[in-house]
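I have a structure I would like to understand better, so I am pasting it below and will then ask my questions one at a time.
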Amino acid sequence: MCAQLVPQRAEFGPVTVFFGDKSGKYPDGNQVMVSGRDTLAAFDTPLVANRIGAEFEAADMVILGHVHEDHMAGLHRVPRARVFAPEADLAAARSWEGLARHYGYAAPVLARLKAKIEKEFFYAPRPDAVGYADGATWDLGGACVRALHMPGHTSGHTVLLVEPQGVAFLGDIDLSGFGPYYGDATSSLAEFRRTLAHLADVPATTWVTSHHRGVLTERAKFLDALAVFTAKLDQREQRLLGLLGERPRTLDELVACRLLYPPGHQDIWVDEAERRSISQHLDELLAAGRVARLEDGHYRVA
Ligand SMILES: [Zn+2]
């Protein structure tokens, strides 16, 4: 048997954060567990869940803040736990067909992606998952979880707030250097903008992200990280305008230039995610009259 590193952890009253590899950098993530008097809840189940052991596998329930392959990677270890997913992401939790629509990629890309996530993320759908709405609460005994719908990354994406301790699990509003991700079919740049504008209103004193950032416990540092993360949207818009300022370009040409990922970066879904993300920026710029679409499909600065 291979020796496995025991994940590092941090504790905030009833909340334990198990850090994934590199503070949960994708493909890993950070595992949040909330231990109430009556109920042990897990928030999402990233890859690191597979290295925790009994402290994870004793979970009575899993509350998914949103649905993506890297947040379902430990579900196979808790077959008897109740699984909750945001209503708008519920179909994606319940079946591959739902998850495929959630990604919205072309069929050949989806086929390759399914094989990859089965192998690398232990992907298995949860037809027993139950939906929850904005404002839903779970009383775990001495700790209560409240769902705050904050869409954009996915249409169901939800912040899970543990009260009265004031620990907010931000999920994939991850405050990472990569910036916001809105590359899938149910993602929305417009909704992500609204979410980021309201995130500071969440009454928290500790903020936990799924990836890379890990835990922030100082409000000033959280606000700084949020400002840098939000600024990525304007930087991407400026990059797009710069590319179109050089010469008119088609969507395919812009996808080849990359907006989210570094130039030349390739993975199964990357072209599709770039296409979806760039299209949303172009739609905003077209609506604002800052970009025009030519009859031959090229975009130019207006
Ligand atoms: Zn995600």
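Considering only DSSP beta bridges where both residues belong to the chain, give the percentage that are antiparallel (nearest 5).
The antiparallel fraction comes to roughly 70 percent.
Rounded, prolate or oblate for the range 1-145? Axes are the square roots of the Cα gyration tensor eigenvalues, ordered a ≥ b ≥ c, and the cut-off for rounded is a/c under 1.5.
Oblate is the answer for the range 1-145, as a/c is 1.5 or above yet b/c matches or exceeds a/b.
Compute the distribution of all C-alpha to C-alpha distances in the range 170-250, in bins of 5 Å from 0, and list the percent of pairs in each, rounded to whole numbers.
The calculated distribution, bin by bin, is 3, 13, 23, 23, 16, 10, 6, 4, 2, 0.
Applying 1/(1 + (r/R0)^6) with R0 = 35 Å to the Cβ-Cβ distance of His198 and Lys22, what FRET efficiency is obtained, to the nearest 0.05?
After rounding, the FRET efficiency stands at 0.75.
So, one more: Keeping all protein chains in place, calculate the accessible area per residue for the range 76-197 (probe 1.4 angstrom), answer in Å².
Per residue, the range 76-197 has 39 Å² of solvent-accessible surface.
Run the reach check for Lys232 against lysines, Cα to Cα strictly under 25 Å, same-chain hits fewer than 8 apart removed. What comes back?
Leaving aside lysines fewer than 8 places away in the same chain, those within reach of Lys232 are Lys22, Lys25, Lys221.
With every protein chain left in place, what is the accessible area of Arg219 in Å² (1.4 Å probe, nearest 10)?
Here the accessible area works out near 100 Å².
Tell me the per residue accessible area of the range 213-302 using a 1.4 Å probe; a whole number in Å² is fine.
52
Calculate what fraction, in whole %, of the accessible area of the chain sits on carbon and sulfur atoms when a 1.4 Å probe is rolled over the protein chains.
In the chain, the share of accessible area belonging to carbon and sulfur is 53 percent.
Let me ask another. So for each of 147-154, 34-41 I average, over its residues, the number of other beta carbons within 10 Å; can you give me the resulting order with the highest mean first?
Result, highest mean Cβ count within 10 Å first: 147-154, 34-41.
Would you mind working out the accessible area per residue for the range 9-70, using a 1.4 Å probe, and quoting it in Å²?
For the range 9-70, the per-residue accessible area is 33 Å².
Now, a different point. Express the Stokes-Einstein translational diffusion coefficient of the chain in µm² s⁻¹, to the nearest whole number, given a Kirkwood radius over alpha-carbon pairs, 4 °C and a viscosity of 1.567 mPa s.
65
Then there's this: Taking a ≥ b ≥ c as the square roots of the eigenvalues of the Cα gyration tensor of the range 75-232, is the shape rounded (a/c under 1.5), prolate (a/b larger than b/c) or oblate?
Oblate, because a/c is 1.5 or more while a/b does not exceed b/c.
Turning to a different aspect of this structure: Would you calculate, for the chain, the mean residue ellipticity at 222 nm contributed by helices, counting each DSSP H stretch of 4 or more residues as -39,500 (n - 2.57) and dividing by all residues, to the nearest 500?
Calculated from helices alone, the mean residue ellipticity at 222 nm is -10000 deg cm²/dmol.
Something else about it: How much length is gained if the chain between Arg293 and Glu163 is pulled fully straight, taking 0.36 nm per residue apart and subtracting their Cα-Cα distance, in nm to one decimal?
That pair, Arg293 and Glu163, stretches by 41.9 nm at full extension.
For a quick check of understanding: with a 1.4 angstrom probe and all protein chains in place, what accessible area in square angstrom does Arg77 have, to the nearest ten?
Answer for Arg77: close to 90 Å² accessible.
Related question: With a 1.4 Å probe and all protein chains in place, put His68, His298, His76 in order of accessible area, largest first.
His76, His298, His68
When the Karplus curve 6.51 cos²θ - 1.76 cosθ + 1.60 is applied with θ = phi - 60°, which whole-Hz ³J(HN,Hα) does each residue of the range 229-237 get, with x for Gly and Pro?
Once rounded to whole Hz, the list reads 4, 5, 4, 4, 5, 5, 5, 5, 4.
The values are calculated or read from the model by the stated rules, or taken from the named source; none is laboratory data. From a predicted model like this one, the values you see are computed outputs, not experimental measurements. A quick note on method: Cβ atoms are made from the backbone with ideal geometry, for glycine too, and the neighbour counts reach across all protein chains shown. For the accessible areas, the whole protein counts, side chains as well, though only heavy atoms, and no ligand, DNA or RNA atoms are used. Shrake-Rupley method; radii C 1.70, N 1.55, O 1.52, S 1.80 Å.
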